[in-house]
Amino acid sequence: MTSLKVPVIDVHNDNFSELWPSILLALKTSTFIALDTELSGLGSRKSLLNQCVEERYKSICLAARTRSVLSLGIACFKMLPEKGEDAYLSQIYNMTLLCMEDYTIEPQSVQFLVQHGFDFNKQYSQGIPYYKGNDKGDERRLQSVRTLFLELLQAQKPLILHNGLIDLAFLYQCFYAQLPDKMMNFIADLSEMFPAGIYDTKYASEFETRFTASYLEYAYKKCKHENGKLMDSSSRHLVVEFCRYPAAMSAYVDYRLCSFPDPAAADPGADAPHICERFSAYGWCPNGAKCAQSHNIDLILQEDEKCKEEKKKRRRKRKKAAAADVQVEMDSEPPSKQSAEEPLPCSEMELEETGMTFSVQHHGDEERAAADGPEKTPAAPSGEAAPLLPDSAPRPSSSSSSSEGGTHRAGFDAFMTGYIMAYVWMLKKKSSDSSASCCLPDCVNKVYLSGKNVPLQIVKSVFSKSSRAHVQKMRLISSGGS
């Protein structure tokens, strides 16, 4: 089993210039880049789940044009071939932003963010300023979020997101240009902006690895748990390392400890807490922090493991006693909590699980909706540098409630997204020189669509054209004017 002490660098207006060179270096030398956003709201939930994808896109555009990105998480993963074919160096940044134009912020978004430790005083006093839509003057010469986004595009690395359609729309509108009115133009733009491919870990979790659930924290801890078992058995496994940051940067670094409870350390006489079935299935619960049942992802994973073993035992018994058609039926049953649990109405199930409890940040993903939000993990003592902690570090004992608070934050969520991608990539990789597109051809440029059985494919149609604003930006990038 494993424990990760993840250093997340806090980036704000006061230290943006100082950290600018290191952020650019991390982007340019990375193997792939994972992003995550926290938003001021999403608008109408029902319209965001419209069965017509074109109408859904219009609603997303409206949200992106009227709301803003409050925080941007960037996790750069760089392969370390000298450490092994599945070793990475990860550098994680959590950028506090401030939109300088009028925008809508929804009360429930504020509630969720405050509950998870978001500092609005800091945002308004130290947020990195930006303007939405098309360029305002010669911004490419400035050290700005917009310029940083152009640098990211120029790096031409695979982009990793989790349930990323809304992320993509907000990134485009806030840091790139005015969103096109038609989805086909938006898709055409994206296909050129990210030639190395876009990967959605929610889609990969559901359709590639077939996890029991696919909300972010579940998928991350599932990967981490399975990786720990591979490591314990001395099998091929994922290794993630971090930079050793000097003491001078200790004020900028927030250390996040993410570990599994040690079953041996638990009180054998104590009753196991009852798991909230709604949260277990969707990563969201209407009662939030007031829920009397457990929202502990570690315990949920343990319970799923028990159920899996019990199902295997039942299958073995039925194989001996039942007819062959019964066995075939059992084997073909899809491993989906969503199908096993009583389904929520579409508008609730897909968007109330939203990142920001119905409004905030995390676009429309179940996990973020967990309103019983994560408590902030204490930072390392001032003056201490971040240790280099490979994923193979020994796992310390901890109580079963150690992760009850979660680890929500844009920077850490970006890291979780990248970790999932690295793990799935490792599982599918056949050779050390395989690229992501070779390992996961069925996942490249496929973005998860809530309530749909098929993804949104980011492929430019022969009948669609790129938007005028995008063409101008591409010229800027190709000329090296970023």
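The values are calculated or read from the model by the stated rules, or taken from the named source; none is laboratory data. Owing to the predicted nature of the structure, the values given are computational and were not obtained by experimental measurement. Here the Cβ is made from the backbone with ideal geometry for all residues, glycine too, and neighbour counts use every protein chain on show. The protein model used for the area step is the full one, side chains on, heavy atoms only, and it has no ligands, DNA or RNA in it. Shrake-Rupley method; radii C 1.70, N 1.55, O 1.52, S 1.80 Å.
Okay, here's what the table says:
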| read-out | value |
| --- | --- |
| Estimated FRET transfer efficiency when R0 is 60 angstrom, pair Arg475-Ala321 (beta carbons, to 0.05) | 0.30 |
| Sequence-distant residues sharing a close amide H with Ile128 (under 5 Å, placed H) | Asn13, Thr96, Leu97, Leu98 |
| Whole-Å semi-axes of the ellipsoid equivalent to segment 115-213 (Cα gyration tensor, √5λ, descending) | 26, 21, 13 |
| Greater than 29 Å apart at Cα, pairs in Lys83/Lys312; Lys46/Lys446; Lys157/Lys428 | Lys83/Lys312 |
| Additional length obtainable on full extension of the chain from Thr29 to Arg210, 0.36 nm per residue less Cα span | 62.0 nm |
| Probe 1.4 Å, accessible area per residue of segment 82-226, Å² | 34 |
| Lysines with Cα under 19 Å of Lys122, excluding same-chain neighbours fewer than 8 positions away | Lys376 |
| Inter-probe distance in nm under a simple model that places probes 7 Å from Cα toward Cβ, at Arg141 and Glu85 | 5.0 |
| Label-point separation, Glu54 to Asp181 (7 Å along Cα→Cβ), nm | 1.3 |
| Length released on extending from Thr104 to Ser233, taking residue separation times 0.36 nm less the Cα-Cα span | 41.3 nm |
| Most to least packed among 81-91, 59-69, 308-318 [average Cβ atoms within 10 Å] | 59-69, 81-91, 308-318 |
| Solvent-accessible area, 1.4 Å probe, carbon plus sulfur percent, for segment 70-193 | 49 |
| Subset of Lys5/Lys308; Lys132/Lys290; Lys221/Lys311; Lys58/Lys78; Lys5/Lys306 violating a 32 Å alpha-carbon distance limit | Lys132/Lys290; Lys58/Lys78 |
| Segment 54-120, dipole about Cα centre (Lys/Arg Cβ +1, Asp/Glu Cβ -1), debye to the nearest 20 | 60 |
| Ordering of 280-288, 464-472, 178-186 by packing [mean C-beta count within 10 Å, highest first] | 280-288, 178-186, 464-472 |
